[in-house]
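What follows is a set of notes on a single structure, which appears directly below.
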Amino acid sequence: MPIEVRKPSPEEEARMKQEPIWEKEPSEFPWHYDERETCLILEGEVTVEGGGQTVRFGPGDLVVFPQGLDCTWKIRRAVRKHYVFGDDVP
């Protein structure tokens, strides 16, 4: 499955804003997704390479990372996001 980047519906945005927040300074690191992650980007600029894709996202984007993905996160501007793991999300 590919990484999905899109604008959330108003319902998805409201639901995601109830989830925890994660923050990270500019950096680059490898990551593996043991389970699906859905996140709503509040701040920052990020490029993720993995699964044959290179995706860029920033404030206002809803991003879904598939289970099993091996990737590299490249945070260009400090990121702040709401996130939730698993399939029980928008």
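The values are calculated or read from the model by the stated rules, or taken from the named source; none is laboratory data. Everything numeric in this text was worked out from a predicted model, so none of it was measured. Quick reminder, even Gly has a Cβ in these numbers, built from the backbone with ideal geometry, and neighbours come from all protein chains shown. Just the protein is used for accessible areas: all its heavy atoms, side chains included, with ligands, DNA and RNA removed. Shrake-Rupley method; radii C 1.70, N 1.55, O 1.52, S 1.80 Å.
Looking at the structure I just gave you, is residue 69 within 10 Å of the chain's Cα centre (by Cα) and surrounded by 12 or more Cβ atoms within 10 Å (Cβ to Cβ)?
no
Could you run through region 39-57 and say how many residues are open to solvent by less than 10 Å² (accessible area, probe 1.4 Å) and either touching a helix residue (DSSP H, G or I) at 6+ places or on another chain (Cβ under 7 Å) or in a loop (DSSP other than H, G, I, E, B) (or both)?
Final tally of qualifying residues: 1.
Looking at residue 49, is it touching a Cys at 6+ places or on another chain (Cβ under 7 Å) and touching a residue at least 12 places away in the same chain (Cβ under 8 Å)?
In short, yes.
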